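What follows draws every value from the coordinates through simple rules; no lab data is involved. None of these values were measured; they are calculated from a predicted model. Positions of Cβ are generated from backbone atoms using ideal geometry, with glycine treated the same way; all protein chains shown enter the neighbour counts.
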Amino acid sequence: MKITQPIFLLIAGLILLITFCSCEKNIMIDVPQAEEKIVVEGWIDQNDYPIVFLTKNLPYFGTIDSAMLFNIIIQDATVIVSDGSITDTLKLIPFPDFNYFPPIYYTGYKIKGEVGKTYNLTVKAEGKTLTATTTIPPPVYPDSVWFKIEPQQDSLGYLWGSFTDPPELGNYYRLFAKRFSKDKRYIPVLGSAYDDKFFNGQSFQFSMIRGVESATDTTVDEEFGFFKIGDTIGVKICTIDKAHYDFWRTAEGEMYSGGNPFVTPTQIVTNIEGGGLGVWGGYGVYYDTVIAK
């Protein structure tokens, strides 16, 4: 029997299909378990006491529920802060803002932050000892801060500031704002960390977009990113050292990527020694108050 070309191609295709199907193999990917580490988020403001939150990291592919969140809070650590002459062992107390996680933190009452001083942190927990060092740079004061309504908005706008950066290179900043009638703490503005390599020694104006207390706020807050006429707003402009800046620059870059798998992953820089994650940072602080009108 003579086989025409179309029939021959059909038979050849079926043979290839059967061959590939018979070679099919289930591939099991063994996802390695992440090493459990202590996560530190700690800071000391100028003229204020130290604050330290301690948790454990979570596996990237793990499930998250209320029980797991409770279990990652470290409540039995020894946390020590020293300024070189005074040493204080911090105590665990509730945090006043229950939107913040974890809702408890370590603090002390012997040491307040001073400009120009160095502060050493020691954390002993989970059989590990972590250490970190930070400084409090002199604060830099803005020329002025004000509220301005945005175009196409009836009552919403951003904070604006006029600022002159000092002439020496290597100044680092972090910006916060708080609506006194609505927020329980100073919240970082969106894109809160800056260095002066692009504006060293210059005078310029800048805007501040309101940050949120948690990721879920963006879905329920119709005023997301804005301040509103009638708000009384506390402004907190901070100077930080380079290690402190490097952490927030990389951490915010990762947070703003939204877990996008097509974005190059960011290696978050930490100044925690001893195998931990996170940051211990000092803030030189300038406060101002703006009435939105």
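For segment 143-157, what does the Karplus curve 6.51 cos²θ - 1.76 cosθ + 1.60, with θ = phi - 60°, yield as ³J(HN,Hα) per residue in whole Hz, taken in order and with x for Gly and Pro?
These are the phi-based 3J(HN,Hα) values: 6, 6, 9, 8, 9, 9, 5, 7, x, 6, 10, 6, 9, 10, x Hz.
With a cut-off of at most 13 other beta carbons within 10 Å, and DSSP calling the residue loop, which chymotrypsin sites (Phe, Trp or Tyr not before Pro) in segment 91-184 qualify? Please list them.
Details: sites: Phe98, Tyr100, Tyr105, Tyr106, Tyr109, Tyr119, Trp146, Phe147, Tyr158, Trp160, Phe163, Tyr172, Tyr173, Phe176, Phe180; in loops: Phe98, Tyr100, Tyr109, Phe180.
Passing both the DSSP loop test and the Cβ count: Phe98, Tyr109, Phe180.
Skipping prolines and chain starts, which residues have an amide H placed within reach, meaning under 5 Å, of the one on Ile74, given they are 5 or more residues away or on another chain?
Correct list: Leu54, Thr55, Lys56.
For Thr78, put the label point 7 Å out on the Cα→Cβ axis and report which residues of segment 118-135 keep their amide N under 13 Å from it.
Under 13 Å, as judged by backbone N against the label point of Thr78, lie 122-130 of segment 118-135.
Assuming R0 = 22 Å, what is the FRET efficiency of Val115 and Lys242, from their Cβ-Cβ distance, to the nearest 0.05? Please list the in-between numbers first.
Working: r = 17 Å, r/R0 = 0.75.
Taking R0 as 22 Å, the efficiency between Val115 and Lys242 is 0.85.
Give me the percent of DSSP beta bridges within segment 38-135 that run antiparallel, rounded to the nearest 5.
Beta bridges within segment 38-135, antiparallel portion: roughly 95 percent.
In segment 70-174, which GluC sites (Glu not before Pro) fall in coil by DSSP and have 11 or fewer other Cβ atoms within 10 Å?
For GluC sites (Glu not before Pro) across segment 70-174 that sit outside H, G, I, E and B with at most 11 neighbouring Cβ atoms in 10 Å, the list reads Glu168.
For segment 268-284, in order, what is each residue's ³J(HN,Hα) by Karplus, 6.51 cos²θ - 1.76 cosθ + 1.60 with θ = phi - 60°, in whole Hz (x at glycine and Pro)?
6, 7, 10, 10, 8, 9, x, x, x, 10, x, 8, 10, x, x, 10, x
Can you give the three extents of the C-alpha atoms in segment 106-196 along their principal axes, from longest to shortest, in whole Å?
57, 36, 23
For segment 147-250, state which trypsin sites (Lys or Arg not before Pro) are in a DSSP loop and have at most 16 other beta carbons lying within 10 Å of their beta carbon.
Working: sites: Lys148, Arg174, Lys178, Arg179, Lys182, Lys184, Arg185, Lys197, Arg210, Lys228, Lys236, Lys242, Arg249; in loops: Lys182, Lys184, Arg185, Arg210.
Those that pass, being in a loop and sparsely packed, are Lys182, Lys184, Arg185.
Starting from the Cα of Lys110, draw a straight line to each of the aspartates and glutamates and keep only those under 19 Å, dropping any in the same chain fewer than 8 residues away.
Asp45, Asp48, Asp83, Asp88
I need the phi-derived Karplus couplings for segment 236-244: 6.51 cos²θ - 1.76 cosθ + 1.60, θ = phi - 60°, integer Hz, Gly and Pro marked x.
In residue order, the calculated couplings are 10, 10, 10, 9, 9, 7, 5, 4, 5 Hz.
Going by amide H atoms built from the backbone, whose H comes under 5 Å of the H on Tyr172, apart from near neighbours?
Counting only residues 5 or more places away or on other chains, the set is Ile240.
Rank Leu54, Thr129, Tyr119 by how far each Cα sits towards the positive end of the charge dipole of segment 38-135 (+1 on Lys, Arg Cβ; -1 on Asp, Glu Cβ) and give me just the farthest.
Thr129
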